[in-house]
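Read-outs: derived from the displayed coordinates by stated rules, not from any lab. Being a predicted model, the structure only gives us computed values, none of them experimental. A quick note on method: Cβ atoms are made from the backbone with ideal geometry, for glycine too, and the neighbour counts reach across all protein chains shown.
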Amino acid sequence: MGLRHVVANQNNRGPLGGRPPQQLTAAEIEVVTCLIAADRALATRHRLIDDLGDLCERHGWARIIVELELMVYGQDGALSHLPLEAGMTSAAVIERLGSKLAFSSKRRARRVLLPGRPCPVCSELRSNIILCVLAPHCYERARIANEFTLTRWWLDQTERNWRAHVCPICAKEDAAGHEQYLCRRHLAARLRQADCERRSIVGYLEGMREELVELTRTYLLCRTVADPDAAASTSFAALGWLHGWDFPLALAGTTGARSLQETL
């Protein structure tokens, strides 16, 4: 927990320092943790790509919170807490959606962009009565996750990179001429109103997917990441496109945080 200790002692809150209005419950944390574990099982991955594409905004971001706050990769330090699983899965979901979008009619494109089924985490929470009785350590895990210590730190650390990808409608800005940056939900709404240039949108998604694949390939082969900041910021960009930007915009802020290498 060395990195968490360093980050927490930087008073990393920023001018938008209030937490999102709803904290994650212990049951949500456990279901999302199981989802991440299942994502690693190649036998179920094809189905999971569809399921993960249907995550609601809350649980899409919960996935990256659980990974950043509760999962550790390798040695403590720059690579110990990174959204690697979220980045790899987001690349697969974006590839599938981008391919469908490229060859769909305008009417079909709207259906491609909108989730086709209920959020799998929401469905599990409604149907699994066992989640009403959790072990004490589950509540401790939820307490740690809801501090958002490392999530907030990485958002602040990489804001200069992911800020350029923020959906202008999520940021309450003029979206004219910036359709390629619209998140999935707002792009679907825009397609109802006008005929967007889908070629630039598909090209933007393909570029993001290629960058995610390249940034995570080195980790899969060598268990190291050459550019942790790029891996985190591109994963945030992918999650923002898939699940909207309300959560990171509420949590992040300019803090003048030092680079990770300087703090360790």
Taking a crude spin-label model, label points 7 Å out from Cα along the C-beta direction, the A226 to V72 distance in nm is 2.8 nm
To one decimal place, what orientation-averaged projected area in nm² is obtained for the convex hull of the Cα set of region 99-188? 9.2 nm²
Of the trypsin sites (Lys or Arg not before Pro) in region 94-159, which ones lie in a loop per DSSP and count no more than 11 other C-beta atoms within 10 Å? none
